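Accompanying notes for the structure given below.
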Amino acid sequence: MKPWQHLKTICHHRRLVRQGCFRVGLYWQGLTHDLSKFSPTEFWSGAKYFQGNRSPNSAQREAEGYSVAWMHHKGRNRHHYEYWTDILPGTGRYAPVPMPRKYLAEMVMDRRAACMTYEGKNYTPASPLAYFSRSKERHFMHPQTARELEFLLTMLKEKGEKETFSFIRSTVLTGKTFAKEI
């Protein structure tokens, strides 16, 4: 039963991301979003740890100390900030680098869809910002990426999808400056 439920969850999530991506003009990203979830590494781990109300990666991490599915996923999907690390010249250390705008936009769609999927009827446009605010992930992102993501999730909360998606299409994806450091 769990493989079927997991498959339905993946397909539901992908459909929501696809709809959001299409609304901002990211057609290819909408079509190809999270295809790695169908790979054996990710799919069978996800099915084994499926719970329905949160990511199976969290459950696998709790049970095994790490999530092989997440390690596989983050290295293949550019809409995750974890993908965007590199060795910095001069320091020789790994550090976050700014995400390109089209992946930042896809990350917003991914977070929106994840909250919609796992929260169901309890989802509100404030949910993705609340999740981001509770997490410690900001400390691992490039500061510019964190600022831009928080700006967009705040806009989603305060102004809704229509205005936020329009802003993403007209400003974020055209390279215009926003969310400048104060």
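Read-outs: derived from the displayed coordinates by stated rules, not from any lab. Only a predicted model underlies this, so the values are computations on that prediction, with no experimental measurement involved. All Cβ positions, glycine included, derive from the backbone under ideal geometry; neighbour counts span all protein chains shown.
How many nm is it between the label spots at residue 82 and residue 177, if each spot is 7 Å from the Cα in line with the beta carbon?
Distance between the two pseudo-spin positions: 3.4 nm.
Under 5 Å between amide H atoms, partner at least 5 residues away or on a different chain: which partners does residue 85 have, H built in plane at 1.01 Å?
97
Could you compute the net charge surrounding residue 18? Neighbours are other residues with a C-beta less than 14 Å from the C-beta of residue 18; K and R count +1, D and E count -1.
+2
Viscosity 1.002 mPa s, temperature 20 °C: what is the translational diffusion coefficient of the chain from Stokes-Einstein with a Kirkwood Rh over Cα pairs, rounded to a whole number of µm²/s?
Rounded to a whole number, D works out at 126 µm²/s.
Just to be sure I understand: with springs between alpha-carbon atoms less than 10 Å apart, which residue in 157, 48, 102 has the highest mean-square fluctuation in the Gaussian network model of the chain?
48
Using +1 on the beta carbon of Lys and Arg, -1 on that of Asp and Glu, and nothing else charged, what's the dipole of the chain about the Cα centre, debye to 20?
For this selection, approximately 360 debye.
Per the Cauchy relation, a quarter of the hull surface: what is the mean projected area of the convex hull of the alpha carbons in the range 27-84, in nm²?
Mean projected area for the range 27-84: 4.3 nm², to one decimal.
Is the shape of the range 59-152 rounded, prolate or oblate, going by the alpha carbon gyration tensor and its root eigenvalues a ≥ b ≥ c, with a/c under 1.5 for rounded and a/b larger than b/c for prolate?
Taking the square roots of the gyration eigenvalues as a ≥ b ≥ c, the range 59-152 is oblate.
Explain nothing, just the number: dipole magnitude of the range 92-182 about its Cα centre with +1 on each Lys and Arg Cβ and -1 on each Asp and Glu Cβ, in debye rounded to the nearest 20.
Roughly 100 debye for the range 92-182.
Give me a comma-separated list of calculated 3J(HN,Hα) values for the range 145-151, in order, Karplus coefficients 6.51, -1.76, 1.60 applied at θ = phi - 60°, integers in Hz, x for any Gly or Pro.
Per-residue couplings from phi come out as 5, 4, 4, 5, 5, 4, 4 Hz.
Using DSSP to define loop residues, name the trypsin sites (Lys or Arg not before Pro) in the range 120-155 whose beta-carbon has at most 10 other beta-carbon atoms within 10 Å.
136
In a Gaussian network model over the chain where Cα atoms closer than 10 Å are linked, find which of 64, 119, 42 has the largest mean-square fluctuation.
64
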